[in-house]
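What follows is a set of notes on a single structure, which appears directly below.
The values are calculated or read from the model by the stated rules, or taken from the named source; none is laboratory data. This structure is a prediction, so every number in the text was calculated from the model and none was measured. Counting neighbours? That spans all protein chains shown, and the Cβs are built from the backbone with ideal geometry, glycine included. These area figures cover heavy atoms from the full protein model, side chains too; ligands, DNA and RNA do not enter into them. Shrake-Rupley method; radii C 1.70, N 1.55, O 1.52, S 1.80 Å.
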Amino acid sequence: QERPQPGSSTIHKFVLLFCGLHVASILVAPRLFATHYRPLSPSEQRDWHGRVVGSLFATGIVFVALPEYLWPGDALAADEAFGTSDRASLACAIAAAFFVWDVFFCTAACQGWPFVLHASAGLFIYWHALQPFQQRAACFFLCWEASTPLLNLRS
């Protein structure tokens, strides 16, 4: 019996979450990090907000994807190519939603075509993983996001 997958309403909710985190960063950063934030140029401030949202996504997605990769559900373990689980589908839906936000952010913030291409490729990959297709591999690759907050702290 086929289980229902997270649909567009799930993705819409997470897109709204990432937009909300972006707005929260805009409202909070000038107050909480005034000495570091206020001297930044407008483009550096936009970059700051993108890094905040990206770091929050990266931290959260690892907690969803890593357990599913290490201890997959029966259906996911039985079929590496087309197996699925609720948690793996949730991870792919969250990732797809993040990359929807990221495509718009990279375009609006004039981040350049390599960043827009990266965001578009991520959206394509994780959207198609919801079919389901290669969800365990998707969870594995989402674990690489663990490095994002550390890279953002260096910049």
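Here are some notes:
- The chain: most fluctuating residue of LEU40, LEU123, LEU17 per GNM, C-alpha cutoff 10 Å: LEU40
- The angle separating the long axis of helix 113-129 from the principal Cα axis of greatest extent in the chain is about 30 degrees.
- Highest-fluctuation residue, ALA138, ALA34, ALA96 considered, GNM on the chain with Cα pairs under 10 Å: ALA34
- Highest GNM mean-square fluctuation among LEU117, LEU21, LEU66, for the chain modelled with Cα contacts below 10 Å: LEU117.
- Calculated log₁₀ intensity ratio I(q)/I(0) where the Debye formula runs over C-alpha points of the chain, q = 0.10, 0.14 Å⁻¹: -0.38, -0.69
- Looking at the stretch 8-150, the accessible area is 55 square angstrom per residue; that uses a 1.4 Å probe and ignores ligands, DNA and RNA.
- Environment charge of CYS143, counting only residues whose C-beta is closer than 13 Å and scoring Lys/Arg +1, Asp/Glu -1: -1
- Inter-label distance, ALA24 to ALA109: 1.7 nm, where each label sits 7 Å from its Cα along the C-beta direction.
- Surface share of carbon and sulfur [accessible, 1.4 angstrom probe, percent] for the stretch 1-136: 68 percent
- Between the stretch 68-83 and the stretch 86-142, the alpha-carbon centres lie 20 Å apart.
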